[in-house]
1. Somewhere in segment 2-19, is a residue loosely packed, with under 14 Cβ neighbours inside 10 Å, assigned to a helix (DSSP H, G or I) and at pLDDT 90 or above?
2. Which numbered condition trips up residue 66, out of (1) under 22 Å from residue 10 (Cα atoms); (2) at pLDDT 95 or above?
């Protein structure tokens, strides 16, 4: 949802940048992350570059799980603490 702000919003661009940083830190390729999260690779790449739609809540949870970060790390520019090892 773009809220009438055009195809690419600052939020979409910021989300894409966070996804790229976290994906690089996890040493994953875009297709690898998309596959691990159960998201179509083309759709994931479009989100990462700020060109496409939105992610669902379940997409955010799946990406966070695949990146081993809390979901909030995808939604805000805050340091993403690693999850404790069980």
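1. No, every residue in segment 2-19 fails to be loosely packed, with under 14 Cβ neighbours inside 10 Å, assigned to a helix (DSSP H, G or I) and at pLDDT 90 or above.
2. Every listed condition holds for residue 66 apart from (1).
Residue-by-condition table, conditions (1) in contact with a helix residue (DSSP H, G or I) (Cβ under 7 Å, 6 or more places away or on another chain); (2) within 17 Å of residue 21 (Cβ to Cβ):
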site	(1), (2)
39	yes, no
42	no, no
48	yes, yes
51	no, no
58	no, no
62	yes, no
66	yes, yes
72	no, yes
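The values are calculated or read from the model by the stated rules, or taken from the named source; none is laboratory data. Values in this document were obtained by computation on a predicted structure and should not be read as measured data. Ideal geometry is used to build each Cβ from the backbone, glycine not excepted, and the neighbour counts take in all protein chains shown.
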